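The values are calculated or read from the model by the stated rules, or taken from the named source; none is laboratory data. Just so it is clear, the model here is predicted, and its values are computed rather than measured. Note: ideal-geometry Cβ built from the backbone for every residue, glycine included; neighbour counts use all protein chains shown.
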Amino acid sequence: MIIRVFRCLSLFLFTVLWLPVNNVMAEEIHVLSAGAVEPGLVKVIAAFRRETGRDAKVTFATAPAISKRIDANDTDVVIAPPAVLDEWIKARKAIQSDRVTIGRIGVGVMVRAGAPLPKIATVDEFKQSLLSAESLVYNQASTGIYIEELFVRLGIANQLKAKTTRYPDAAAVLRHVGEGKGNEIGLGATTVIIEGESAGLKFVGPLPEEIQNYTGYAAILAAEGAGSNAAREFLRYLTTPVAKQIFAAAGIMDWNPGK
């Protein structure tokens with residue numbers, strides 16, 4: 001009789017103590033995110049996992065691809081530029097009140113590790129460094145399109161054209177600069193450059209403020225995640241000091257879209 005009572009008590013305690021923990025671990029959060037924030041977001045998710053025991057599975061995509069997945073109904077949290085999130089709200093797949101700001105990403109300058117650092121503190125210094133460089137490298141994506149237009153505005157596009165190499169994506173740019181030689185300058189999103197510092201690159205700094213181009217990013221609770229306490233907890237975590245510090249270290253700077 002005593003043994004039977006002991007077994008029943010053990011089973012009861014096991015059910016009470018173990019199942020809630022198991023349920024926390026089982027509720028996986030599905031995140032759909034713009035790829036530009038990847039260097040910071042993967043570390044934020046790791047910190048969130050350590051602190052809460054919950055896990056988030058993230059899928060990275062371009063902004064147009066995120067727009068196309070509005071009707072997929074497989075996402076709890078979406079991270080993208082505000083214009084993309086507005087599309088989700090308009091389609092009634094997300095609610096405006098469930099939106100939080102992540103930060104903004106600018107354009108930066110990189111060189112090969114160990115190479116002399118070009119002067120870029122002012123627009124004039126930036127122009128002179130570009131004109132003095134033996135070669136320039138940047139991508140053909142949105143960052144590269146802005147850079148190309150910037151060179152036209154600065155009146156140096158024709159002088160730079162012959163010594164410019166462009167690639168379809170940022171990965172190829174990082175590889176080229178890291179393996180390059182001589183006085184070569186690369187340009188790209190600050191997050192991508194900072195992440196590449198472990199692969200033979202040096203982040204010189206962001207473009208001067210007068211010619212900087214920022215892309216803001218925010219997060220929103222999708223309709224699928226509206227009833228999920230785990231998804232709401234993750235959304236709140238994105239605004240914590242810990243998360244903001246991780247994002248800043250990855251080149252995703254604090255941003256107040258109201259200003």
Flagged in region 99-120 as over 19 Å from R175 (Cα atoms) and within 25 Å of the chain's Cα centre (by Cα), in numbering order, are R99, V100, T101, I102, G103, R104, I105, G106, I120
I'd like to check something: does region 101-117 contain any residue that is without any contact (Cβ under 8 Å) to a residue 60 or more places away in the chain and within 21 Å of E209 (Cα to Cα)?
no
Just to be sure I understand, how many residues within region 213-230 are touching a strand residue (DSSP E or B) at 6+ places or on another chain (Cβ under 8 Å), not in a helix (DSSP H, G or I) and not polar (S, T, N, Q)?
9
Of the candidates E224, E195, E233, the one satisfying the condition of being acidic (D, E) and closer than 30 Å to G114 by Cβ is E195
Kindly indicate whether any position in region 221-230 is modelled with pLDDT of 90 or more, under 24 Å from R50 (Cα atoms), hydroxyl-bearing (S, T, Y) and assigned by TED's automatic domain parsing to the domain that holds A91.
no
Does region 143-153 hold any residues that are crowded, with 16+ Cβ neighbours inside 10 Å and either closer than 20 Å to T62 by Cα or more than 28 Å from the chain's Cα centre (by Cα) (or both), and which are they?
T143, G144, Y146, I147
Go through D74, D55, D86 for me and flag whichever is of a type in the set (D, E), modelled with pLDDT under 95, assigned by TED's automatic domain parsing to the domain that holds A230 and surrounded by 15 or more Cβ atoms within 10 Å (Cβ to Cβ).
D55
If you go through E233, E210, the only one that is farther than 30 Å from A133 by Cβ and not in a strand (DSSP E or B) is E233
Say whether the condition of being modelled with pLDDT under 95, farther than 29 Å from A248 by Cβ and either over 20 Å from the mean Cα position of the chain (by Cα) or in a helix (DSSP H, G or I) (or both) is met by at least one residue in region 186-206.
no
Within region 122-135, restricting to residues that are touching a strand residue (DSSP E or B) at 6+ places or on another chain (Cβ under 8 Å) and not in a helix (DSSP H, G or I), the one that is surrounded by the fewest Cβ atoms within 10 Å (Cβ to Cβ) is E134
Is one or more of the residues making up region 146-160 in the same structural domain as V192 (by TED's automatic domain parsing) and at positive phi?
yes
Any residue in region 36-50 that's acidic (D, E): show its pairings with residues that are modelled with pLDDT under 95 at Cβ separation under 6 Å, as long as the two are six or more apart or on different chains.
E38/F60
